[in-house]
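Report on the following structure.
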């Protein structure tokens with residue numbers, strides 16, 4: 001029996017729920033093997049390497065993972081970093097554990113291959129999930145522990161890991177319902193990617209921590225007394241304060257004032273059965289003032305990640321706003337652990353991978369979508385399209401609408417009846433002629449909102465057109481429309497492509513290309529004959545000038561030219577431009593701040609290699625990035641100790657009154673912020689509107705200014721402007 005302290009700390013976690021001797025023996029054996037094969041290896045920060053797989057296994061044990069998952073977690077780095085093979089694991093443990101280790105190993109290897117694109121890495125991870133979600137549970141636990149210890153990594157590695165966490169791992173944890181892990185990932189990553197805003201928000205929370213804790217304790221006492229007086233028993237009440245990253249998003253992206261975040265304080269009431277959830281809700285609404293439009297019933301309509309709870313926001317007896325969440329013990333476990341609670345090990349049930357996956361498809365609609373997209377991706381053979389589809393259709397905010405029969409359809413926010421039609425079936429979308437929403441005829445570009453009942457009208461003679469591509473929001477609909485148009489337009493595009501090549505060849509003159517020529521010169525595009533070449537030229541994917549250049553043996557490969565430009569922009573020379581921005585690879589970078597979003601110091605930014613204006617820097621949230629060539633984007637970052645100021649627009653709306661403009665200018669000047677430009681108007685007798693271009697040092701100063709402007713009498717909206 002193993003008795004070293006490291007193993008005992010893990011055993012203490014899984015002994016709570018794993019009792020069978022053979023299961024305990026399996027985990028112990030995995031630990032012994034992992035320790036043996038990692039012997040002599042150390043972590044970046046020092047200490048034996050075995051501490052990492054044990055930490056990952058411990059995180060999974062806290063999620064009540066099964067013995068096979070814990071064993072795989074202990075062994076997850078052995079195949080990559082030691083002499084142990086998958087065949088050894090299959091022989092000594094089981095094919096199931098070997099497959100789990102293999103899945104995690106592939107993901108880990110891809111992470112460090114610099115020649116593999118980031119989107120391909122993400123695709124591999126998501127495809128692994130479609131095969132067995134436990135692979136991603138292990139990977140999420142692995143990422144969480146690496147975040148906890150990544151202070152020992154180089155700064156650039158820490159930053160890249162943090163960005164990837166915010167982009168992929170935290171949203172995945174959220175979609176899997178693992179809110180506790182999601183919150184820790186987001187806060188840790190934000191601290192690395194934007195430390196100034198992290199400490200600014202943290203400071204706001206700390207300033208009010210004592211009074212907010214007092215408020216929570218008072219509300220808990222009031223609600224406890226209320227429920228007990230009305231005969232409720234077997235309930236538990238807990239309080240929480242929103243995590244730093246969630247507050248940051250509302251402050252920066254929604255430009256909300258700290259005091260206006262309704263769910264900053266939350267009370268969680270946990271009861272024994274569902275009917276008591278509604279009983280408690282009725283008592284709270286009868287004794288506290290509810291805020292209109294802030295009630296959500298996730299029990300009747302669960303979230304896609306199986307989350308269930310009642311949410312309401314009320315005003316406390318001391319006028320403090322707080323959110324109340326009411327759920328059963330089982331719902332609370334799922335809310336804390338997410339899919340891991342569904343996967344939680346139960347000794348009385350024999351684990352069946354196929355059975356669990358089937359139940360997952362039934363319970364988690366988005367997971368079914370992932371399986372669908374994974375299958376479609378084999379036909380697409382395009383990592384960028386696959387990952388963009390997943391980000392748009394799965395990881396983004398969604399709306400939930402109904403078919404006339406009551407079936408729920410989940411769609412990306414902003415979706416239209418066309419998106420809805422394609423979510424039912426390709427043929428429904430392809431033959432759609434109209435729609436009704438809530439029994440009323442609606443235009444096909446009307447934005448759907450949660451709760452809409454949508455019915456689609458079809459006609460077998462109807463067909464989609466290219467204009468639909470500008471209307472739809474979901475990648476599923478967009479891909480199906482493109483697929484249809486590609487088939488319908490194929491002959492026309494082939495003829496058009498042939499004509500374009502003939503026209504260019506006649507200018508030289510030179511003979512038209514042959515099948516052999518295409519095979520030899522367009523291997524990268526996987527073209528095999530002239531017909532496929534004509535099609536690509538007709539679609540605009542290949543220039544006819546490129547074809548003629550290849551025929552002449554003087555190829556001008558625009559993609560290689562772009563790659564050379566990008567390579568110059570990503571070499572290891574780091575220089576600061578006069579904008580206060582670092583660009584890798586340019587000794588004297590021509591950098592321009594985008595006029596549309598006007599980035600300021602500490603905004604999350606990205607660079608775009610333009611054709612005429614050098615590198616144009618946008619905020620990552622700028623909507624004008626859509627439609628730009630993704631191959632031209634490069635990483636840029638702010639320099640330290642920037643002394644200059646940055647101009648950005650804010651728009652202020654309010655009631656028209658005397659001295660309104662004077663009060664606004666006084667507020668701006670009181671923060672030592674200069675005004676570069678101003679446009680004021682009174683749209684109506686009662687309204688006042690002003691757009692101000694202010695010069696600020698950084699994002700924190702801008703957030704502070706917006707917060708103070710909202711306090712000016714009569715002002716009811718202050719927003720950062722996007723041109």
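Throughout, read-outs are computed from the coordinates displayed, never taken from laboratory work. Every value quoted in this text rests on a predicted model; they were computed, and no experiment measured them. No Cβ is skipped: glycine too gets one built from the backbone with ideal geometry, and neighbour counts run over all protein chains shown.
Values as computed for the structure displayed
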item: Translational diffusion coefficient (Stokes-Einstein; Kirkwood radius from C-alpha pairs) of the stretch 268-325 at 25 °C, 0.890 mPa s, in µm²/s; result: 205 µm²/s
item: Centre separation in Å (Cα based) which lies between the stretch 494-526 and the stretch 649-699; result: 60 Å
item: Full-stretch length increase - residue 20, residue 488 - with 0.36 nm per residue and alpha-carbon distance subtracted; result: 162.3 nm
item: Burial ordering of 596, 622, fewest other beta-carbon atoms within 10 Å first; result: 596, 622
item: Per-bin percent of Cα-Cα distances, the stretch 145-249 [10 Å]; result: 13, 33, 27, 17, 8, 1
item: Ranked 541, 185, 161, criterion: other C-beta atoms within 10 Å, fewest first; result: 541, 161, 185
item: Globularity ratio of the stretch 5-196, using Cα Rg and 2.2 N^0.38 Å; result: 0.99
item: Cα-derived Rg to Rh of the stretch 482-556, Kirkwood definition; result: 0.97
item: Kirkwood Rh in Å, taken over the stretch 202-337 so that all alpha-carbon pairs contribute; result: 15.5 Å
item: Burial order of peptide ranges 472-483, 693-704, 500-511 (average beta-carbon count within 10 Å, highest first); result: 472-483, 693-704, 500-511
item: For the stretch 1-67, Kirkwood radius (reciprocal of mean inverse C-alpha pair distance, Å); result: 12.3 Å
item: Kirkwood hydrodynamic radius over Cα pairs of the stretch 612-723, then Stokes diffusion coefficient at 4 °C and 1.567 mPa s, in µm²/s; result: 82 µm²/s
